[in-house]
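The block underneath contains the structure these notes are about, expressed in structure tokens.
What follows draws every value from the coordinates through simple rules; no lab data is involved. Every value quoted in this text rests on a predicted model; they were computed, and no experiment measured them. All Cβ positions, glycine included, derive from the backbone under ideal geometry; neighbour counts span all protein chains shown.
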Amino acid sequence: MSHITTINVEIRDLEAVKEICKELGLEFREGQRSYRWYGVSVGDYPIPTGFTKSDLGRCDHAIGIKGNSKSYEIGLVKRGDAYIPLFDFWQGGFGLEERIGPGAKKFTEAYTRAVSVKTARTFAKSKGFSYTEKVDPETQETILVLRKY
């Protein structure tokens, strides 16, 4: 069965993706033109908006689990100035969802955090602010503090 869906995030920073791949035990496969999935759309799940059957399985870069040749992969498909991540969640992507979370929640949160931290660091440096970062032990939220003395 094929169950291709998009991950609810636009990727604009491939360096941030490379960082979070390491964090999540994934491997960024730069320039890989296809991603592993069921291999054929059998019509049991809607094709993501803006894509056709012939688009499925094709990408500009891929993300997979290092050393796991059975798991499905995330395909990053260039659309304008952003990448749309696609993956097949059937059977948990054969291990992929364990790494990226149901609905790719872990992946989305990690990417959002990485981009936010990078943006805050760049801003702080350009404006002469000091920058600190810590994780709240109760909520696991990242707290960014910028100060100018």
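A few comments on the model shown:
- The lysines whose alpha-carbon is closer than 24 Å to the alpha-carbon of LYS22, local same-chain residues fewer than 8 away aside, are LYS66, LYS70, LYS78, LYS105, LYS106, LYS118, LYS134.
- For segment 95-144, the list of chymotrypsin sites (Phe, Trp or Tyr not before Pro) that fall in a loop by DSSP and count at most 16 other C-beta atoms within 10 angstrom reads PHE129.
- Histogrammed with a bin width of 5 Å, the alpha carbon distances of segment 4-147 distribute as 2, 10, 18, 21, 18, 12, 9, 6, 4, 2, 0, 0 percent, first bin at zero.
- When you filter the trypsin sites (Lys or Arg not before Pro) in segment 30-127 for DSSP loop state and at most 16 other Cβ atoms inside 10 Å of their Cβ, you are left with ARG33, LYS66, LYS70.
- On the basis of the beta-carbon distance and an R0 of 35 Å, ASP81 and TYR149 show a calculated FRET efficiency of 0.40.
- Multiplying the residue separation of GLU15 and VAL135 by 0.36 nm and removing their Cα-Cα distance gives an extension gain of 41.0 nm.
- Whole-number percent relative contact order across segment 4-147, with pairs defined as alpha carbons under 8 Å at least 6 apart: 24 percent
- Equivalent ellipsoid dimensions for segment 14-64 as semi-axes, Å, which come from the Cα gyration tensor, largest first: 25, 11, 10
- Estimated from the Cβ-Cβ distance and a Förster radius of 22 angstrom, the FRET efficiency linking GLU98 and PHE123 is about 0.05.
- Mean sequence separation of contacting Cα pairs (under 8 Å, at least six apart), scaled by the length of segment 76-149, corresponds to a relative contact order of 15 percent.
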